[in-house]
Amino acid sequence: MKLNGCKHCLEHYINIRHLKGYLNQHLFIFLLFIIISLHCKSQEDSLAIFETDSVGKYDLVYLKGNKIDDGILIARYKIDTSKIAFERGFRKGVRNGWERYYYISGLLCVETHWKKGKKNGRFNRYTQQGVLDSTGKFKNGKPNGVWKGFLAPGVIVQKDKWIRGKRISSISYVPAF
């Protein structure tokens, strides 16, 4: 792209490149969360979490007596078993209640609510610094309502409206720097 030395054009170009990079990262994280969530009935051996500029893959361990029937299944990072990788609620062998993934630092990465084996309720994703990155809701396992992506606290860069799993509108915002 030729900018002809125009300061306004250069600032706009930098903002668009930054936003595209952010949105690509945002989409990648969402898809990664969906892929991780597809392992509903099995215990994972490892967990992949996006960390700043790369994807960290960590081996997991489960404590003895941790069953998938009722209660909370807890997986820990193998390299540091004092750190929880994720916890998920079950009732009668089906996901029910909160599911939370954590960064190796111990900060919350993703949380979503399940009801009778389907995502149902609030979804939140956080940065490695613990700042809310995106939020939305599921209904009967499908995105529903308004989903927002944030560049910084209170700075919305993406707003999508979903009805029963179908995106009906999407707005991207270019933040002023």
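Go through region 81-177 and name the GluC sites (Glu not before Pro) that are in a DSSP coil and have 14 or fewer other Cβ atoms within 10 Å of their Cβ.
none
Residues of region 94-115 with backbone nitrogen within less than 14 Å of a virtual label 7 Å along the Cα-to-Cβ line of Gln129, please, listed as ranges.
Within reach of a label on Gln129: no residues.
Taking the alpha carbon gyration tensor of region 129-177, what are the square roots of 5 times its eigenvalues, largest first, to the nearest whole Å?
Three semi-axes, in Å: 22, 14, 5.
If I model a spin label as a point 7 Å beyond the Cα along the Cα-Cβ vector, how far apart are those points for Ile156 and Ile79 in nm?
3.8 nm
Cα-Cα over 21 Å: which of Lys139/Lys159; Lys83/Lys115; Lys116/Lys148; Lys78/Lys116; Lys83/Lys118; Lys83/Lys148?
Pairs exceeding 21 Å: Lys83/Lys115; Lys116/Lys148; Lys78/Lys116; Lys83/Lys118; Lys83/Lys148.
FYI, it's all coordinate maths here, none of it is from the lab. Note that this is a predicted model, so its numbers are computed, not measured. Backbone-built Cβ (ideal geometry, glycine too); neighbour counts: all protein chains shown.
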